[in-house]
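> Sharing a structure here in structure tokens format.
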Amino acid sequence: MTSFIVAALLLILLGLSYSQGYLGGRALAATGVRLHSRPRYHGILVAIWCLLPAILVLGAWALLGPGLMRAFVMSYLPPDVQELGPHQLNAAIRRVEAIASGYGVAGAMEPWETAAGVALRRMREFAFLVVIASAAGLGILGLLFARRRISPRLRARNSVEWLIRLLLLACSVVAVMTTLGIVVSLFNEAIQFFTFVHPFDFFFGTVWNPGFSTTGTAAIGQYGLLPLLWGTVMVAGIAMLVAVPIGLFTAIYLSQYASGRLRAVAKPVIEVLAGIPTIVYGFFALVTVGPYLSRVGSVLGIGINATSALTAGLVMGIMIIPFVSSLSDDIMRQVPRSLRDGSLGLGATPSETIRRVLLPAALPGIVGALLLAVSRAIGETMIVVLAAGNSPVLRFNPAEPVSTITVTIVNQLTGDSDFSGPQSLVAFALGLTLFMITLVLNMVALYIVRRFREQYE
Amino acid sequence: MASPSSTSIKAQADRRRVRVRASLGRRHLVEWLFRGAGLTAIVIALGMVVGLFWIMISKGLPAFTQATLSAEVTFDPDIITAGPPPVRESGQSEADYRAARMAWEGQVARLNWNALVEQAVRNTAPAGMEVDRRTALALVSNIDRHNLRDMFVANPHLLGRTVKVDLLASANTDNWLKGTINRDLPDSRQQLSAATRQLADALYADGKIRFTFAWQIFTNTDSRSAPAAAGLAGAFVGSLYMMLIVIVLAVPIGAASAIYLEEFAPKNRFTDFIEVNINNLAAVPSIVFGLLGAAVFIRYFGLPMSAPIVGGLVLTLMTLPTIIIATRSALRAVPMSLRQAALGIGASHNQTVFHHVLPVTFPAILTASIIGVAQALGETAPLLLIGMNAFVAAIPATPFDKSTALPAQIFLWQGNENRNFFEARTSAAIMVLLALMITLNALAIFLRTRLERRV
């Protein structure tokens, strides 16, 4: 009901102010003078002048109102109730609110409850009237002021456009705020973590054994990053071993050999791989690839764990094939055609042209693309959570389970709502490490790719 | 005429020709191998796409049918002893009536509904077959007693009547009849007792147990006590809320900031910084956004854990760079002459952008937004950090309620202990998720081709 009234008020103010501004502008134009701005802009400007104060009043009430109302109810509570603990106090206030809303409460009502309920109801009605009236009043004042300003020389359009531009700028700052938020929150929590564990022990420790937060703060545990970092590097390395040859050869074939029709079909189909959610790859690795690898291993007589660095790496490699192939494809198409034609004209075969001319020319760009792919692989979470086996031990055999930075972030933070202990704070230190690694990789990669583009443009 | 030097040149050329010809075979072989390698790579990549879909579909399809027992259920007054539901008297406050009603429903819930289920199974069993309590209850799902209770609460006139009801078979029965568990395993390793297995086979042979379409995948929420009845409805609504938040926030903010950066921003350090920032943000691992959500939205702003509002905000921040980058490239593709023409006839800068440039890029912005939303739909990792992988057995009423999401539900199900049942169920959930994503992408492609033709 109240939100309906508020919405109606705002709509009425909007309609009234816009039409006032618009008609004011029209009336001026009808007298034959040349207006700086069209009547539309006068309408919008008046509407802004009218709605802004009204919205400010309503917003202030939405922020402050609940607190004020609570204070009002508190003043009606008898002293013995006021001294109750927060839970019982809240329950008492809720009862009063239920009475005030007319819903009623189950069971008998205390006399003070009824009194407070009735008073709260009156107060609410009164406050609501005051807020609505002041919002409407201020809105009308704004409207009258803006309405009086309308003149042929008023630069209404410029003001409106300035506001729009301000709005656009505010939107583009959101991305900056996001980065800032990431950096500040990660640093903040990571520094708290480093009050428990020395940074040296974290970055250069070789044992990961965080213990459980339930065993008390005395058992802090050991937080060595190296096993996780090694797991991350190993899984990403295997993924690149799969993705680079397949992705590069796909890109070469599609850009240099394939007929238009094959290209038109194969390129989008391969890019489907990039659109599949990573949880699906994780499940695929867990139920299909892992057991298959382990069977193959037992046939060959080598022990391969169903969940291992190998399983996760293979499937992650499949995931980044389209990433490598479409980026390299783009880059190879940017190499000037004349280089290729020159080489072919001298009698080189297509493969010789590709290997000796095209690839060396495209190399910096491809390296940049591969770095982007590596950063993708390092930050990938779901595949490793499901298929890497979660065993944070420094091992060098890829057929054994490993753990990675991302897996550990998930394990340490999931289901934990208070971040007071090192067990959950470590997730932020790991996140910071991950963020820094990928940031450096991205910066270098983007720099290389941009340099490469400029070289041929 | 032939001088010594020219004969030596000729001889040199001949020698070179011989050498080239001799190497040709090897060079062509290399060429052939190289081409073959390229073709192999493509075949492998395409094979992966086909294989992935094939495995998901072949694993998931069986989960869309489930064993159902059609039984005659008698709402026996000897078992249902709760009496008639309360009626609201005049002068009774809403709260008092609700309390009385709740008390009655509580009484109904405490009745022995299992006895009703047991009776129904026993009556359906083939004549002469001894069916004890445990055998009967293991055959059907744990949800059936709740369903019968809800039927009675909704319609108390059922008391004393006998109606035909489809009882959902338990997950273990489903496994047994579908053969997802090895039938030759010894008793100790079977999920069902020998008696229940025999009963299930007999009922299946009688046609009393049939495989029907598993509507509960779409209508039910997740369930722990009755895995056979676990569904995606809660996760779907949670995902829907998050997608709405992403659409409402990410699309306008993304488009607006792209417009600012491409059309209005002066070239200076600050805008360069924003640009580098956005490019980097696009490559930040998604899990870092989850950490941001946990630290900022939940811890600092005090928003609830596991709520779609937090998930939606996190996914919004994640999708923003995608939409900004795509919109910017669309704006960049608009020919300068269009802007110059508008400016030339006296349009202001804003008017040029909003009346002339933006409408041309509309299809591209729309496509980018849909693709961004589809990406956000499948994102899992950040959701785990803000608690959206919690078990929630209710459909969230608002974006502030506890909820899960489709990919988080997949994550939950793949870890369920009843592996042979949930492997299919998870694949089915994956099929639903993939179907949604494919629909979104197809919509994007359709809109793009359609709108681009018109513009």
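> Does B:G60 satisfy the criteria of being within 11 Å of another protein chain (Cβ to nearest Cβ) and within 28 Å of the chain's Cα centre (by Cα)?
Judged against the criteria, B:G60 is a match.
> Continuing with the same structure: From the list B:L303, B:L291, B:L249, B:L240, pick out the single residue that is within 28 Å of the chain's Cα centre (by Cα), aliphatic (A, V, I, L, M), assigned to a helix (DSSP H, G or I) and more than 27 Å from B:V432 (Cβ to Cβ).
That would be B:L291, the only listed residue that is within 28 Å of the chain's Cα centre (by Cα), aliphatic (A, V, I, L, M), assigned to a helix (DSSP H, G or I) and more than 27 Å from B:V432 (Cβ to Cβ).
> Return the total of residues in the stretch B:126-141 being surrounded by 14 or more Cβ atoms within 10 Å (Cβ to Cβ) and at pLDDT 85 or above.
Here the count works out to 7.
> Please go through the stretch A:267-319 and pick out each residue that is within 14 Å of chain B (Cβ to nearest Cβ) and either farther than 17 Å from A:A388 by Cα or among the charged types (D, E, K, R) (or both).
A:K267, A:P268, A:V269, A:I270, A:E271, A:V272, A:L273, A:A274, A:G275, A:I276, A:P277
> Restricting to the stretch A:339-353, name every residue that is under 47 Å from the mean Cα position of the chain (by Cα) and more than 14 Å from chain B (Cβ to nearest Cβ).
A:L339, A:R340, A:D341
> With respect to A:V367, determine if the residue is surrounded by 21 or more Cβ atoms within 10 Å (Cβ to Cβ) and in the same structural domain as A:L310 (by TED's automatic domain parsing).
no
> Please indicate, with yes or no, whether at least one residue in the stretch A:227-249 is within 26 Å of the chain's Cα centre (by Cα), polar (S, T, N, Q) and in the same structural domain as A:E352 (by TED's automatic domain parsing).
yes
> Which of (1) assigned to a helix (DSSP H, G or I); (2) in contact with a helix residue (DSSP H, G or I) (Cβ under 9 Å, 6 or more places away or on another chain); (3) more than 9 Å from chain B (Cβ to nearest Cβ) does A:L386 not meet, given it meets every other one?
All conditions are met except number (3).
> Which one of these is in contact (Cβ under 8 Å) with a residue 24 or more places away in the chain, buried (at least 16 other Cβ atoms within 10 Å of the Cβ) and aliphatic (A, V, I, L, M): A:A100, A:A175?
Residue meeting the stated conditions: A:A100.
> Which one is nearest to the other protein chains (Cβ to nearest Cβ), of the residues in the stretch B:88-146 that are assigned to a helix (DSSP H, G or I) and among the basic types (K, R)?
B:R98
> Restricting attention to the stretch B:275-285, and to residues there that are within 7 Å of chain A (Cβ to nearest Cβ) and not aliphatic (A, V, I, L, M), which single residue is surrounded by the most Cβ atoms within 10 Å (Cβ to Cβ)?
B:P285
> (1) under 25 Å from A:V280 (Cβ atoms); (2) surrounded by fewer than 21 Cβ atoms within 10 Å (Cβ to Cβ); (3) within 14 Å of chain B (Cβ to nearest Cβ): which one isn't true of A:V440, the others all being true?
Among (1) under 25 Å from A:V280 (Cβ atoms); (2) surrounded by fewer than 21 Cβ atoms within 10 Å (Cβ to Cβ); (3) within 14 Å of chain B (Cβ to nearest Cβ), the lone unmet condition for A:V440 is (1).
> Right, here's the next one. Mind counting the residues in the stretch A:5-47 that are in contact (Cβ under 8 Å) with a residue 60 or more places away in the chain and not in a helix (DSSP H, G or I)?
The number of residues fulfilling the criteria is 6.
> If you don't mind, there's one more thing I want to ask. Going by what's in this entry, would B:V43 be described as assigned to a helix (DSSP H, G or I), under 15 Å from A:A258 (Cα atoms) and of a type in the set (A, V, I, L, M, F, W, C)?
Yes; evaluated as a whole, the condition is true for this residue.
> Then there is this: Given the condition at the interface with chain A (Cβ under 10 Å from one of its Cβ atoms), in a helix (DSSP H, G or I) and buried (at least 23 other Cβ atoms within 10 Å of the Cβ), answer yes or no: does some residue in the stretch B:265-274 qualify?
no
> Something else: Residues that are without any contact (Cβ under 8 Å) to a residue 24 or more places away in the chain and either among the basic types (K, R) or touching a Ser or Thr at 6+ places or on another chain (Cβ under 7 Å) (or both): list the helices (runs of 4 or more DSSP H) wholly contained in the stretch B:356-455 that include at least 1 such residues.
In the stretch B:356-455, B:406-414, B:419-454 are the helices (runs of 4 or more DSSP H) which contain 1 or more residues that are without any contact (Cβ under 8 Å) to a residue 24 or more places away in the chain and either among the basic types (K, R) or touching a Ser or Thr at 6+ places or on another chain (Cβ under 7 Å) (or both).
> Among the residues of the stretch A:335-388, which ones are over 30 Å from B:F289 (Cα atoms) and either charged (D, E, K, R) or in contact with a Cys (Cβ under 9 Å, 6 or more places away or on another chain) (or both)?
Scanning the stretch A:335-388 gives A:R337, A:R340, A:D341, A:E352, A:R355, A:R356.
> What's the number of the condition B:A37 fails, among (1) in contact with a helix residue (DSSP H, G or I) (Cβ under 7 Å, 6 or more places away or on another chain); (2) away from chain A (no Cβ under 14 Å)?
Every condition holds for B:A37 apart from (2).
> Can I ask one more? With the structure loaded, tell me whether A:T433 is surrounded by 19 or more Cβ atoms within 10 Å (Cβ to Cβ), hydroxyl-bearing (S, T, Y) and within 22 Å of A:P277 (Cβ to Cβ) or whether it fails that test.
So A:T433 does not fit the description; no.
> If I filter the stretch A:318-326 for residues that are within 23 Å of A:E454 (Cα to Cα), polar (S, T, N, Q) and within 27 Å of the chain's Cα centre (by Cα), do I get at least one hit?
yes
> Within the stretch B:296-317, restricting attention to residues that are surrounded by fewer than 24 Cβ atoms within 10 Å (Cβ to Cβ) and of a type in the set (V, I, T), which residue is farthest from the other protein chains (Cβ to nearest Cβ)?
Looking at residues that are surrounded by fewer than 24 Cβ atoms within 10 Å (Cβ to Cβ) and of a type in the set (V, I, T), I get B:I309.
> Another one. Within the stretch B:175-185, is there a residue that is touching a Ser or Thr at 6+ places or on another chain (Cβ under 6 Å) and closer than 24 Å to B:S223 by Cβ?
No, the conditions are met nowhere in the stretch B:175-185.
Residue-wise test of (1) outside any helix (DSSP H, G or I); (2) within 25 Å of A:G43 (Cα to Cα).
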| site | (1), (2) |
| --- | --- |
| A:H87 | no, no |
| A:A100 | no, no |
| A:G104 | yes, no |
| A:E113 | no, no |
| A:A116 | no, no |
| A:L138 | no, yes |
| A:L144 | no, yes |
| A:R147 | no, yes |
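> Testing B:S225 on (1) among the hydroxyl-bearing types (S, T, Y); (2) at pLDDT 85 or above; (3) within 27 Å of B:K402 (Cα to Cα); (4) surrounded by fewer than 14 Cβ atoms within 10 Å (Cβ to Cβ), one condition comes back false. Which one is that?
(2)
> A:D418 fails exactly one of the following numbered conditions: (1) over 16 Å from B:L385 (Cβ atoms); (2) modelled with pLDDT under 85. What is the number of that condition?
Tallying (1) over 16 Å from B:L385 (Cβ atoms); (2) modelled with pLDDT under 85, A:D418 fails exactly one: (1).
> Could you tell me which numbered condition B:A71 fails, if it satisfies all but one of (1) in contact with a Leu (Cβ under 8 Å, 6 or more places away or on another chain); (2) assigned to a loop (DSSP other than H, G, I, E, B)?
All conditions pass for B:A71, except number (2).
> On to the next question. Which one is nearest to B:F362 (Cα to Cα) among residues in the stretch B:416-455 that are within 12 Å of chain A (Cβ to nearest Cβ) and among the β-branched types (V, I, T)?
B:I445
> Does at least one position in the stretch B:205-214 carry a residue that is of a type outside the set (A, V, I, L, M, F, W, C), at the interface with chain A (Cβ under 8 Å from one of its Cβ atoms), in contact with an Asp or Glu (Cβ under 9 Å, 6 or more places away or on another chain) and outside any loop (DSSP other than H, G, I, E, B)?
No, there is no match, as no residue in the stretch B:205-214 is of a type outside the set (A, V, I, L, M, F, W, C), at the interface with chain A (Cβ under 8 Å from one of its Cβ atoms), in contact with an Asp or Glu (Cβ under 9 Å, 6 or more places away or on another chain) and outside any loop (DSSP other than H, G, I, E, B).
The values are calculated or read from the model by the stated rules, or taken from the named source; none is laboratory data. In this text, all values refer to a predicted model and were calculated from it rather than measured experimentally. Neighbour counts are summed over all protein chains in view; Cβ atoms, including those assigned to glycine, are modelled from backbone coordinates with ideal geometry.
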